[in-house]
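Below you'll find the structure, written out as structure tokens, and then a few comments.
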Amino acid sequence: MAIFPWSRKKNAELLEDTSVSLEDAISPDQAELDALFDPPKPAYEAGDKSLTASGLYPHEVLILAEASALFIDQEEFPPFWRRDYGIWQMQKILASLVERGFLEEASIALTLEAATVPALKQALRSVGKPVGGKKAELVARLLEEVPAFELYALFPNRTFTLTPAGIQALDEAMHIPYLHKRPVEGLSIWSLHSEVVAHPEQSYRDLIWDHLHTRSGMHTDSKNYAAYRACRYRMYQFLIEENKLKRAFPYLAEVIFYDLSGVDGNADTLTRYVSEKYFFPYDKSIVKLSATCVNAMRRLKEDLNLTEEMMRALLIQFFGQLSIPDHLFTIEECAVIVLLELRGDTERLRQVYEMAETRFGQRR
């Protein structure tokens, strides 16, 4: 049996039971569902070196964002600078940013804040001061109890700090450090900035959201379900960042429905894995909800004030909007599994998996 992209059932079927709707806002927007099946938009052109409003390249803006953790005489830098951003001459770029007025030498206080805890304790130990306490306490003790000239001798290699021009340059391009800290598949800091420049009427978050929709469509077209699942989970995270809990719920439900399917690219694999005992019993199953997904659903349940009955009904509603040619569990079983995982009820989870195993045994 061939695997096909997830599809939506007719609205009449989906809305047959309307007695347990949390409220309309929690349902996935129809336009969002439709966008999944639109033809993919043209891919962004990676490597575009469009300048920011302050005349900096995107990678220079990222260096500004990380400057407080970089030391003036530093020679070795974390490998991600070369691997992810192609930066091999960091010292020259830092010197250029200083020369152009975006960076300057940090104060001794800022340097202490950037220092490691072992370095702070060693400095305190060398001047006969107590070394106990958290990092903030160590920094405060050094600043309060050690003369400035001694601190400069103990920490001769200081970090960088932003000048007013550097602060402005960073404020103008916050999409760059955002993408560094929260990567999005298929986007680089250069390609995202190129889109930001090309579409000034849209926020960078809207552009990222559009990109995620496009990638979802590409993955369903290519039947790359693992990538599709990862993309939808990133969309859930994106909505959580904006505190849009009701919109985030369906995306997490979709991820969970996929995780419980047992399908990994070929429907024949499902039957084979069942027969080879990869899926049953529960204690040995490779098809379980991850602790990450369980905790995420628990937080949504609590934050949305959902009862177990409402949670079950909503999960059944959203699972009913999805279709996979073959699935390890029924829609109702998937909803029950989520609730049992939230409770930590291992014994009843074993029973649900036993029922599914019996059903597959009868099919063979």
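Can you give the accessible area of Ser323, probe radius 1.4 Å, in Å² rounded to 10?
My reading of the accessible area for Ser323 is about 40 Å².
Under the Karplus relation 6.51 cos²θ - 1.76 cosθ + 1.60, θ = phi - 60°, what is the ordered set of whole-Hz ³J(HN,Hα) values for the range 74-86, x standing for Gly and Pro?
5, 10, 9, 10, x, x, 5, 5, 7, 5, 8, 10, x
A 32 angstrom limit on the alpha carbon distance is what I want to check against. Which of Lys181/Lys288; Lys134/Lys246; Lys181/Lys223; Lys223/Lys244; Lys135/Lys288; Lys223/Lys246 exceed it?
Cα-Cα > 32 Å for Lys134/Lys246; Lys135/Lys288; rest within.
For Leu103, which sequence-distant residues (separation of 5 or more, or a different chain) have an amide H within less than 5 Å of its own amide H, given hydrogens modelled in the peptide plane?
Val98, Thr163
Per residue, how large is the accessible surface of the range 168-226? Use a 1.4 angstrom probe and give square angstrom.
44 Å²
Of Tyr225, Tyr152, which has the most accessible area and how do the rest follow, probe 1.4 Å?
Tyr152, Tyr225
Residue separation times 0.36 nm, minus the C-alpha to C-alpha distance between Leu245 and Phe149: what's the value?
29.3 nm
Given a 1.4 angstrom probe, I'd like the percentage of the accessible area of the range 111-157 that is carbon and sulfur, rounded to a whole number.
Carbon and sulfur together cover 59 percent of it.
Compute the FRET efficiency between Glu185 and Glu66 as 1/(1 + (r/R0)^6), taking r as their Cβ-Cβ distance and R0 = 25 Å, and round to the nearest 0.05.
For R0 = 25 Å, the calculated efficiency reads 0.65.
Using the beta-carbon distance between Ala230 and Lys129 and R0 = 56 Å, what value does 1/(1 + (r/R0)^6) give for FRET efficiency, to the nearest 0.05?
Values: r = 49 Å, r/R0 = 0.88.
Efficiency for this residue pair is about 0.70.
Give me Rg/Rg_expected for the range 149-241, where Rg uses Cα atoms only and Rg_expected = 2.2 N^0.38 Å with N residues.
Against the empirical 2.2 N^0.38 Å value, I get 1.52 for the range 149-241.
Provide Lys244, Lys301, Lys284 ordered by accessible surface of protein heavy atoms (probe 1.4 Å), highest first.
Lys284, Lys244, Lys301
Rounded to the nearest 20 debye, what is the charge dipole size of the range 80-205 about its Cα centre when +1 sits on each Lys and Arg Cβ and -1 on each Asp and Glu Cβ? Can you show the working numbers first?
On the way: 14 positive and 14 negative charges, 119 e Å.
I would put it at about 580 debye.
Report, in cubic angstrom per residue, the convex hull volume of the C-alpha atoms of the range 42-158.
138 Å³
The values are calculated or read from the model by the stated rules, or taken from the named source; none is laboratory data. These numbers were taken from a predicted model, which means no experiment stands behind them. Here Cβ is always computed from backbone atoms with ideal geometry, including for glycine, and neighbour counts include all displayed protein chains. Please note that ligands, DNA and RNA were not included when accessible areas were found on the heavy atoms of the full protein model with its side chains. Shrake-Rupley method; radii C 1.70, N 1.55, O 1.52, S 1.80 Å.
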